[in-house]
Amino acid sequence: MGTWGSGPFDDDVASDWVWELQDAQDWKVVEVALRCAADVGTDGYLEAPDGQVAWAAAAVVAASEDPAAGAVPDEVGAWLAQHRATRPSTIRPLALEAVRRVLGPNSELVELWRDAGEDEWRANVEKVAAALA
């Protein structure tokens, strides 16, 4: 798995997920990605790939309300232009819950970025969380 930055789409797994999003006819692919993180109990362990995709999906939700909430790839922007109006009302609280889980205890992403000594990553995830709050 390759990671080249500390943003929500700066990862091979998240980039692959964007391909899925581009083919999606509705918000179901976003919801599934968010649930992979949100449904992990506080005693459960959130694996890095699921956390990365959930964070990317949460960034899509945040950008659907406020394009200035964070930079999304052009492909995501194009998808949002076609699907923004059909966004389910329940997806924003789910996105916030997923991002909180990504930042929470027993999150592999937290461990990996802490070991790397990278504080910018946490700030970027918190920016998405703040946009959703």
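Just checking the listed ones, PRO49, PRO88, PRO67: in the Gaussian network model of the chain with Cα springs under 10 Å, the one fluctuating most is PRO88.
Out of these labelled values of log10 I(q)/I(0) by the Debye sum over Cα atoms at q = 0.12, 0.14, 0.18 Å⁻¹, [x] -0.55, -0.72, -1.06; [y] -0.39, -0.53, -0.91; [z] -0.49, -0.62, -0.89, which was calculated from the coordinates shown here? Label [y] holds the value from this structure. Cα axis of helix 12-23 to longest principal axis of the chain: angle in degrees, 0 to 90, nearest 10? Its long axis makes an angle of about 20 degrees.
Between GLN22 and THR42, residue separation times 0.36 nm minus the direct Cα-Cα distance comes to 4.1 nm. Springs between Cα atoms under 10 Å define the GNM used for the chain, and in it the highest mean-square fluctuation of GLY44, GLY77, GLY104 occurs at GLY44. Considering only LEU96, LEU112, LEU34, the Gaussian network model of the chain with Cα springs below 10 Å gives its largest mean-square fluctuation to LEU112. May I ask for the angle, rounded to the nearest 10°, between helix 119-132 and the longest principal axis of the chain, with both axes built from Cα atoms and the value confined to 0 to 90°? The answer is roughly 40 degrees. Distance between the 7 Å Cα→Cβ label points at ASP119 and ASN106: 2.9 nm.
Tally Lys and Arg at +1 and Asp and Glu at -1 over the other residues with C-beta under 12 Å from the C-beta of GLY44: what net charge comes out? Around GLY44, the surrounding residues sum to -4.
No value in this document is a laboratory result; all are computed from the given coordinates. These figures come from a predicted structure and were not determined experimentally. Glycine also receives a Cβ, built like all others from the backbone with ideal geometry; neighbour counts cover every protein chain displayed.
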